[in-house]
Amino acid sequence: MRVFLILTIIAGSFYTNLSILNSIRSQRPAFGNEALSSNNATNDVKDDLPAPDNYLWNGTAIFLEAARSLRPVTDKVTSHTYQVMYGRFLMPYYNRNPSMKMLEIGLGCDMGYGPGASVALWQKLFPKANLWEAEYNSECVIKNSKKLEGINVLVGDQGNETVLDEWINKSGGNFDVIIDDGGHQNCQIWTSLQKLWPTVKSGGLYFIEDMQVGRRAGYMKFTTKSCNNSLIMSEDINKIIDKLLYKQKTDIESIFCQREACVLIKK
């Protein structure tokens, strides 16, 4: 009789906890593959975006669907899979800081589908953000001024320290987020990082795209007085990782690298 009573109590407790767990799961936002297969309207990125809280749980899927909903579709989600790092880091950051100040280097003037694909994506995903765009090709900027309405524009070579100083002075620096999708030359990336990293806020993000080209001869041509063609940006990232692993002094809190790209998070 006692054994039967104990088993009854255990079984009742199990089904009660199972009921609570199912209730919690049914209320939490969809995530990952669940989000992609969900019929819930909040996960459809069409005319209206999901509530910003979903950027925390479902950032990768929302980023991908938003990009695919636009024409042209940015290569960030076609030939690359940058929705991974942007979904994990940039989307939640916007959720916490909707008025974030973000600079992207590279308008995409040399892209076959034309410039401004990522600008349209940022405007769709981050309507409250203070958006800045930097581009080397001034004629392209003038020609595509309509696509840049509501965007603060900087012009010049990201590998030129004087130009970078001008960008900082004009913008005021103090960026939450910087995205380097510019010329992809090792010394361009390195010079921009040296100059612009100090302008990133504590807790801010610095994304570097297309690092896979760093060992190709065509991307080792650009040099400066402080950067020669022996520098490979991915090797410099490895040096930073060593500093983190061996507890050396750095103002970088952590680094996340995925295929072809990395993001640095500032202390």
In Hz, Karplus ³J(HN,Hα) per residue of the range 158-172 (6.51, -1.76, 1.60; θ = phi - 60°; x = Gly, Pro): 5, x, 9, 4, 5, 4, 4, 4, 5, 4, 5, 5, 5, 7, x
Simple spin-label estimate for GLN212 and LYS128 in nanometres, 7 Å along Cα-Cβ: 3.6 nm
Protection proxy ranking, peptides 246-254, 93-101, average beta carbon neighbours within 10 Å, highest first: 93-101, 246-254
Set LYS143/LYS201; LYS243/LYS266; LYS146/LYS221; LYS101/LYS170; LYS195/LYS243 screened for pairs whose C-alpha atoms are more than 25 Å apart: LYS143/LYS201; LYS146/LYS221
Taking MET111, MET211, MET233, MET220 and counting other C-beta atoms within 10 Å, the order from fewest to most: MET111, MET220, MET211, MET233
Cβ-based exposure ranking for ARG71, ARG215, ARG88, in which fewest neighbours within 10 Å come first: ARG71, ARG215, ARG88
Near-label residues of the range 194-209 by backbone N, under 15 Å of a point 7 Å along Cα→Cβ of GLU161: 194-198
Descending principal axes extents, the range 158-249, alpha-carbon based, whole Å: 35, 34, 23
Amide proton proximity set for ASN130, modelled H, under 5 Å, gap of 5+: MET100, LYS101, MET102
Cα→Cβ-extended label distance, 7 Å offset, between THR224 and ASN152, nm: 2.1 nm
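Values quoted throughout were computed directly from the atomic coordinates according to the rules given, and no laboratory measurement underlies them. None of the values given here were measured: they were computed from a predicted structure. Note that each Cβ is placed from the backbone with ideal geometry, even for glycine, and that neighbours are counted across all protein chains shown.
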